[in-house]
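See below for the structure under consideration.
The values are calculated or read from the model by the stated rules, or taken from the named source; none is laboratory data. For clarity, every value in this text was computed on a predicted model and none was experimentally measured. Because the Cβ atoms are built from the backbone with ideal geometry, glycine has one as well, and the counts that use them run over all protein chains shown. The accessibility values were calculated without ligands, DNA or RNA, using every heavy atom of the protein model including side chains. Shrake-Rupley method; radii C 1.70, N 1.55, O 1.52, S 1.80 Å.
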Amino acid sequence: MGRLENKVAVITGAASGMGKAMAVLFAREGAKVVAADLNLDGAKTTAQEITQAGGTCVALACNVAEQTQTNALIDQTVEVYGTVDILVNNAGIMDSFEPVHEVTDEKWDRVFAVNTTGTMHLCRKVIPIFREKKSGAIINIASVGGLFGSRAGAAYTASKHAVVGLTKSIGYMYAPEGIRCNAIAPGSIATNIGTSITGPSEYGSARMMPGVTLSPPPGKSEEVAEAALFLASDEASFVNGTVLTVDGGWTAY
């Protein structure tokens with residue numbers, strides 16, 4: 001019997017990288033998975049791989065920056081599977097390392113819409129379902145950039161700090177109702193998130209470089225997925241409102 005047997009898990013950003021790795025692993029452990037992504041074709045590929053391996057997965061399109069779509073994602077999940085047990089807020093984008101004197105309102109708003117506000121909207125949507133069941137697990141993908149000020153630009157850094165704070169608030173507020181909310185702070189992981197970087201800031205990049213040289217080789221998406229599996233499972237029943245750093249020791253210096 002799998003560690004997530006008969007659980008329903010919604011995973012955003014599941015077309016590739018960490019989201020895909022989590023979808024595949026969760027399904028292998030018995031979960032019924034919704035692979036959600038702005039890239040529907042990629043999400044369908046994830047779902048196809050899972051179903052061909054004997055798992056259960058459907059692909060749904062979702063732009064997490066649009067509240068109507070995040071609401072629809074949860075509603076459609078309930079229509080398909082009857083409920084939601086696990087929510088993984090994995091979808092995210094980078095900034096271009098702009099310090100605050102360079103960041104535009106457009107970049108700031110876009111990064112927050114995807115990384116922070118979309119996460120909040122999905123949490124807010126599933127909480128009533130979890131409260132009725134008196135159980136549920138949320139995993140927010142933060143970043144080591146949400147713990148320190150030297151891993152990205154102003155917008156990304158602030159957005160991920162906000163995700164950490166949101167995680168702690170939810171974990172505390174709903175603990176008496178059997179709801180857990182934790183975050184993972186990955187370090188450098190080999191994914192395609194770098195494609196969201198356009199025209200890196202020379203100033204910001206130069207300020208980041210000294211610490212980058214101390215970073216270990218990039219981790220694998222599967223290594224983050226294993227951490228997410230633990231947090232989603234009953235084995236983490238007393239782990240709540242905390243941040244699990246998965247960075248190969250990068251932030252230990």
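Couple of notes before you dig in:
- Scanning segment 87-102 for residues that are open to solvent by 60 Å² or more (accessible area, probe 1.4 Å) and within 25 Å of Ser169 (Cβ to Cβ) yields a total of 1.
- Odd one out for Ala14 among (1) open to solvent by less than 20 Å² (accessible area, probe 1.4 Å); (2) part of a loop (DSSP other than H, G, I, E, B); (3) farther than 18 Å from Glu223 by Cβ: (3)
- The conditions of being under 22 Å from Gly82 (Cβ atoms), crowded, with 24+ Cβ neighbours inside 10 Å and not aromatic (Phe, Trp, Tyr) are not met by Ala61.
- For Asn71, the requirement of being outside any loop (DSSP other than H, G, I, E, B) and among the polar types (S, T, N, Q) is met.
Table: residues versus (1) open to solvent by 30 Å² or more (accessible area, probe 1.4 Å); (2) out of contact with any helix residue (DSSP H, G or I) (no Cβ under 6 Å at 6 or more places or on another chain); (3) not aliphatic (A, V, I, L, M).
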| position | (1), (2), (3) |
| --- | --- |
| Val8 | no, no, no |
| Gly55 | no, no, yes |
| Glu79 | yes, yes, yes |
| Thr104 | yes, yes, yes |
| Asp109 | yes, yes, yes |
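- When the helices (runs of 4 or more DSSP H) confined to segment 133-243 are screened for residues that are at pLDDT 95 or above and buried (at least 22 other Cβ atoms within 10 Å of the Cβ), those reaching at least 3 such residues are found at 154-173, 221-232.
- The residues of segment 244-253 that are out of contact with any helix residue (DSSP H, G or I) (no Cβ under 6 Å at 6 or more places or on another chain) and either on the phi > 0 side of the Ramachandran plot or surrounded by fewer than 18 Cβ atoms within 10 Å (Cβ to Cβ) (or both), listed by number, are Gly248, Gly249, Ala252, Tyr253.
- Any hit, segment 73-96, residues being at pLDDT 95 or above, over 20 Å from Ile138 (Cβ atoms) and of a type in the set (S, T, N, Q): no
- Ile50, sole failed condition from (1) under 20 Å from Ile139 (Cα atoms); (2) aliphatic (A, V, I, L, M); (3) surrounded by 23 or more Cβ atoms within 10 Å (Cβ to Cβ): (1)
- Residue check for Val84: open to solvent by less than 50 Å² (accessible area, probe 1.4 Å) and in a loop (DSSP other than H, G, I, E, B): yes
- Scan of segment 146-177 for residues that are touching a strand residue (DSSP E or B) at 6+ places or on another chain (Cβ under 8 Å), farther than 18 Å from Ala232 by Cβ and small (Gly, Ala, Ser), ordered by number: Gly146
- Candidates Lys20, Lys44 - the one that is open to solvent by 40 Å² or more (accessible area, probe 1.4 Å), of a type outside the set (Gly, Ala, Ser) and within 16 Å of the chain's Cα centre (by Cα): Lys20
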